[in-house]
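Below is one structure, written out as structure tokens; the observations come after it.
The values are calculated or read from the model by the stated rules, or taken from the named source; none is laboratory data. For clarity, every value in this text was computed on a predicted model and none was experimentally measured. So basically every Cβ, Gly included, is an ideal-geometry build from the backbone, and we count neighbours across all protein chains shown. What goes into the accessible areas is simple: the full protein's heavy atoms, side chains included, and nothing from ligands, DNA or RNA. Shrake-Rupley method; radii C 1.70, N 1.55, O 1.52, S 1.80 Å.
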Amino acid sequence: MIDDIEILKKKKRILSITHQQDVDGLFCGSILKNTFSDTFVYLTNYGYNNTLKMSKRIEDNVSRSKKKGAIVVSDLSVNKLDEVKPLESAALKAKEYGWEFIWIDHHYWNEIIKERIKSFTTLILSKDEEKKCASELIVETFKIKRTACQRMARFAHAADFRTNELSKFPPLPELIRYFLSLPDAYKRLQTIVNRASKGIFWNEDLQQIYEVDYLPRKESLMQKALDSYVIQNINHYKVLIVDSPQILSKSILAEKIFELQKDIDLIILFASDGKLSIRRKPGSDLKCNVIAEKLNGGGHSYAAAGMIDSKIYDKEGNKVNKEDVIKELYRVLI
């Protein structure tokens, strides 16, 4: 049960641990920072090593803090059982120090893992068909009425589900993707969180970076990707595989490809380190999250992410290429 929200606002500390990869994850931290004056935002991503770091961050914060509070994990799911143990250990330590542990997410969860996480957290999930992003769940859970927070939730929803309303907002999703490719990504993303917490989504500095640094690279890399994809018929599915540059938004590239190739069932966007992004044809009943689970990942029915272990191909540099992706797809697309 979540502690009294007014007490949290006035007397307690919030440790926000949230997904760093997109608007929704960042805005979860911004909304909490806007609502609760004593909020620290820690940005992270999926994977066992990130889970270990997150667990250590929790243990360090609760043991050093003079105030009790709440840990709020948002826009992250747990995809592997081996990630549960360090989280459970951190949660037990947090409980010893009088902290609450709240987990809020909108992705698909494996039932066994879900029950394990529920045993030591307050787990709040939305169903896929509800089409709610994590920022919206944060606003609902904490009964937040502030105008800036409501705007952030609307922006995050539009960005996550690629609705028409996205055109009313600045191109922050693209810039986040660009920042993630830079050496000082964490610092830049924290700046976005801090500005958004004050209701500022865009300014002249971001516009300058967008026009001068990002747009020229976007156009050339987009064309390169469109010139290099392959289409493969794999177990009754027509699949397009494309090498996706890190700075490009996966959603924007996939939308462009679906416009050009209307008979494609599935798009797999991959990187040389083995990371995969999975997108289904609009209106399709394919389950991207089911495919992603077989590829060490997870996500939504309409979009998900997975991973190929580059080491299994035992070649120079251990870089994954289209042929490696095709081999894996023949294994998982049944």
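Descriptive notes on the structure:
- Under 16 Å from the Cα of Lys262 - aspartates and glutamates, other chains or at least 8 residues apart: Asp285
- Total formal charge among the other residues, if their Cβ is under 9 angstrom from that of Arg280, Lys/Arg +1 and Asp/Glu -1: +1
- Considering only the chain, percent of DSSP beta bridges that pair antiparallel, nearest 5: 40 percent
- Qualifying trypsin sites (Lys or Arg not before Pro) in region 210-315, DSSP loop, other Cβ atoms within 10 Å at most 12: Lys262, Lys315
- Cleavage-rule hits, trypsin sites (Lys or Arg not before Pro), region 104-144, DSSP coil, Cβ neighbours within 10 Å at most 15: Lys127, Lys131, Lys143
- Residue (of Ser251, Ser74, Ile264) at the positive-pole extreme of the chain, dipole from beta-carbon charges: Ser74
- Summing Cβ point charges (Lys, Arg +1; Asp, Glu -1) relative to the Cα centre of the chain gives a dipole of roughly 1000 debye.
- Solvent-accessible area per residue for region 246-304 (1.4 angstrom probe, square angstrom): 40 Å²
- With contributions of -39500 (n - 2.57) from each DSSP H run of at least four residues, the per-residue ellipticity at 222 nm computed over the chain stands at -13000 deg cm²/dmol.
- Computed over neighbours whose Cβ is under 9 Å from that of Lys250, the net charge equals +2, Lys and Arg +1, Asp and Glu -1.
- Counting charges near Ile264 (Lys, Arg +1; Asp, Glu -1) among other residues having Cβ under 11 Å from its Cβ returns a value of +2.
- Whole-Å semi-axes of the chain's equivalent ellipsoid (Cα gyration tensor): 33, 24, 18
- Farthest towards the positive end of the charge dipole of the chain, among the residues Thr147, Ile278, Leu175, is the Cα of Thr147, using unit charges on the Cβ of Lys, Arg, Asp and Glu.
- Proximal aspartates and glutamates to Lys287, defined as alpha-carbon separation beneath 15 angstrom and excluding residues fewer than eight positions away on the same chain: Asp128, Glu129, Asp265
- Fraction of accessible area attributable to carbon and sulfur, the chain (%, probe 1.4 Å): 48 percent
- Size of region 247-299: Rg and Dmax of its alpha carbons, in Å, are 11.2, 30.
- Trp99 contributes about 20 Å² of solvent-accessible surface, heavy atoms of the protein only, 1.4 Å probe.
- Rounded if a/c under 1.5, otherwise prolate or oblate - region 123-171, Cα gyration tensor axes: oblate
- Table column - 3J(HN,Hα) (Hz), region 275-288, Karplus curve with 6.51, -1.76, 1.60, x for Gly and Pro: 6, 10, 10, 10, 10, 9, 4, x, x, 6, 9, 4, 9, 4
- Separation of alpha-carbon centers, region 116-142 and region 231-274, rounded to whole Å: 29 Å
- Debye, to nearest 20: dipole size of region 31-167, +1 on Lys, Arg Cβ, -1 on Asp, Glu Cβ: 560 debye
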